[in-house]
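S.K.: I'd like to ask you about the structure that follows.
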Amino acid sequence: MSRDTTKNENLGTRLRAAADIAEAAAKAFRAAALSCTLHNLKSEDFQVTDIPSARVSDIVYDSGMTNGPGRAIYDEIMDGRDENLCPMCRHTEVTQLDHVMPKKAFPALCVAPDNLVGVCEFCNRTKGDDVTEDAGKVLLHPYFEDAATERWLEAEVTPGGAGVLRYFVAPPPHWEAVFADRIRHQFDFLKLGKRYSSKANQTLSGMRQHLAHQLRTNDATGLRKYLEELAASHRADDLNGWAAVAYSSWAADAAFCQGSFITL
């Protein structure tokens, strides 16, 4: 038996023996997620004894989960969602599986289901291996936290912008300061203002002719009512969705309803 073969067998034995470490790590992660204390987790507490973190990640996750017997778990997480929009941005379709706590820094969590979230490529790439000890900069964990029940996303028509929107965060006044800070950070970190504005402007470009017809047919009051109905329909599906906020903001802008969106 070659030295490499013996080395790999010993590594495999140590990995199998690390099951208890992984289980304990998963429990610690879940407790931290439930108590909103993920920022307190330390990389050194989530190592697998005597095995380099990169080796754990390569063998257990890359080889075992994405290309091996654990693929069924990977697929279950990716396919078991209620919808296909990324829970981090609510903007782009899910295409990748993200580790909430990076797998190389927290190898004992590399296959913990609670640490695996389906996200879009943009959010996954932007987040990268980001870890913070600042409670106000922890991205929301979609399995444990929900900011969708109260309205916090707003937008306004930019003056002279032919309906171009500027999105911003307006947290309810009763929110805890740290939670509001986290929403603001996530909005800025994932460039949601720019991404939402781009989507709204693209939608408006395709609707200008139709909205102009609504204005000619039903005057400003009728156009406002039409936009409010569209906002209500989208809001019923996603209270803080970019579309609901867009239609609501256009409806609330007197100049827009009088035709400022019409470009020559």
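S.K.: Using only Cα positions of the range 189-239, each an equal point scatterer, no hydration layer, compute I(q)/I(0) via Debye at q = 0.16, 0.19 Å⁻¹ and quote the log10 values to two decimals.
M.R.: Normalising to I(0) and taking log10 leaves -0.59, -0.77.
S.K.: Sticking with this structure for a sec: At a Förster distance of 35 Å, what's the computed FRET efficiency of K27 paired with R151, Cβ-Cβ distance as r, to 0.05?
M.R.: E(calc), rounded to 0.05, equals 0.50.
S.K.: Give me the percent relative contact order of the range 88-228, please, defined on Cα pairs under 8 angstrom at least 6 residues apart.
M.R.: Relative CO of the range 88-228 lands at 20 percent.
S.K.: Still on this structure, I have one more. For the pair T95 and V178, what calculated FRET efficiency results from E = 1/(1 + (r/R0)^6), where r is the Cβ-Cβ distance and R0 = 41 Å, to the nearest 0.05?
M.R.: 0.85
S.K.: Continuing with this model, one more query. Label-point separation (nm) for R166 and T263, each offset 7 Å from Cα along Cα-to-Cβ?
M.R.: 1.9
S.K.: Among the listed pairs K27/K191; K103/K127; K103/K199; K104/K137; K191/K225, which have their C-alpha atoms separated by more than 23 angstrom in this model?
M.R.: Violating the 23 Å Cα-Cα cut-off are K27/K191; K103/K199; K191/K225.
S.K.: Given T126, H174, Q202, which one lies farthest toward the positive end of the charge dipole of the range 125-263, if we put +1 on the Cβ of every Lys and Arg and -1 on the Cβ of every Asp and Glu?
M.R.: Checking the options against the dipole of the range 125-263, the answer is Q202.
S.K.: A follow-up question, please. Amide H of T95: which non-local residues (sequence gap of 5 or more, or other chain) have their own amide H closer than 5 Å, using H built in the peptide plane?
M.R.: Under 5 Å from the amide H of T95 lie the amide H atoms of V119, C120, E121, each far enough along the sequence or on another chain.
S.K.: May I pose another question? Give the dimensionless ratio obtained when the Cα radius of gyration of the range 77-145 is divided by 2.2 N^0.38 Å.
M.R.: Relative to the 2.2 N^0.38 Å estimate, the range 77-145 comes out at 1.06.
S.K.: Another question, then. Taking the Cβ-Cβ separation of L34 and I77 as r and a Förster radius of 25 Å, what is the calculated FRET efficiency to the nearest 0.05?
M.R.: The value I calculate is 0.85.
S.K.: Let me ask another. Give me the base-10 log of I(q)/I(0) for the range 163-215 at each q in 0.18, 0.30, 0.32 Å⁻¹, Debye formula, one uniform scatterer per Cα, rounded to two decimals.
M.R.: Each listed q corresponds, in turn, to -0.68, -1.09, -1.14.
S.K.: Here's a follow-up. Roughly what would the spin-label model give for T217 and A255, points 7 Å off Cα along C-beta, in nm?
M.R.: 2.7
S.K.: Given 0.36 nm per residue, what is the gain on full extension from M207 to F189 after removing their alpha carbon distance, in nm?
M.R.: Separation in residues times 0.36 nm, less the Cα-Cα distance, equals 3.5 nm.
S.K.: Further question: Once you charge only the Cβ atoms, +1 for Lys and Arg and -1 for Asp and Glu, what is the size of the charge dipole of the range 95-239 about its Cα centre, to the nearest 20 debye?
M.R.: That gives the range 95-239 a dipole magnitude of about 680 debye.
S.K.: Once the principal axes of the Cα atoms of the range 143-264 are found, what is the range along each, listed largest first in whole angstroms?
M.R.: 47, 25, 23
S.K.: DSSP loop GluC sites (Glu not before Pro) in the range 175-233 with at most 16 other Cβ atoms within 10 Å of their Cβ, which ones?
M.R.: Sites meeting the loop and neighbour criteria: E176.
S.K.: Which ³J(HN,Hα) values in Hz, rounded to whole numbers, follow from the phi angles of the range 90-97 under the Karplus curve 6.51 cos²θ - 1.76 cosθ + 1.60, where θ = phi - 60° and Gly and Pro get x?
M.R.: Result, ordered by residue: 6, 9, 10, 5, 5, 9, 9, 9 Hz.
Only the coordinates and a few stated rules stand behind these numbers; no lab work does. Predicted model, so just to flag it, every value in this text is computed and none were measured. Quick reminder, even Gly has a Cβ in these numbers, built from the backbone with ideal geometry, and neighbours come from all protein chains shown.
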